[in-house]
Amino acid sequence: SLLHPNIEKSHFTPSGIISKPVLIPLKCELELYKYKKPLIAASLSALVPGLGKAYCGKTKDAFTTFVTVGLTAFQAWRGFSFWGYGSVYGWGSLCLSSGFYLGGIYGSARTAKKINKDKIDVYRKKVINTVFHNSEFYPTY
């Protein structure tokens, strides 16, 4: 095997490694994990800026996104209401607000993907540690 010369190849087949009793709790842990869906995160952020980040558990980022988009949108409204639709201040604020809004949607989807990837990486490390530190996986001669 590429990982370790003493580990049998059969441990890495579907009928091998997962059937080991020591790995069953890890398999159950991964199956019970509620994956974050990037489409849901992006959709929630499209409805309310920052809500997708909150869905992913990033409450500080959610608050920051909500406040930033809200303040820049308010500045755009204020610019248009005082100086009309020809206001450079209004259009500049609107462009800035739109950028933050669209960035929040994209960032929410990326956050969901990253959280899922991080969870899988942690799971892989647990499996590797279990395999390398458990004598059940080594052949007996």
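The values are calculated or read from the model by the stated rules, or taken from the named source; none is laboratory data. Given the structure is predicted, the values throughout are model-derived calculations rather than measurements. Ligands, DNA and RNA are excluded from the accessible area calculation, which covers all protein heavy atoms including side chains. Shrake-Rupley method; radii C 1.70, N 1.55, O 1.52, S 1.80 Å.
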Here segment 106-122 yields Karplus 3J(HN,Hα) values (6.51, -1.76, 1.60; θ = phi - 60°; whole Hz; Gly and Pro given as x) of 4, x, 5, 5, 5, 5, 4, 5, 5, 4, 5, 5, 4, 5, 5, 4, 4
Diffing segment 74-88: the Karplus 3J(HN,Hα) column from phi (6.51, -1.76, 1.60, θ = phi - 60°), in whole Hz with x for Gly and Pro, holds 4, 4, 5, 4, 5, x, 5, 6, 7, 10, x, 6, x, 6, 5
Rounded to the nearest 10 Å², the 1.4 Å probe accessible area of residue 64 is 80
Of 105, 40, ordered by accessible area with the largest first and a 1.4 Å probe, the sequence is 40, 105
Once phi for every residue in segment 54-60 is put through the Karplus expression 6.51 cos²θ - 1.76 cosθ + 1.60 (θ = phi - 60°), the whole-Hz ³J(HN,Hα) values, with Gly and Pro written as x, are 5, 4, 7, x, 9, 5, 5
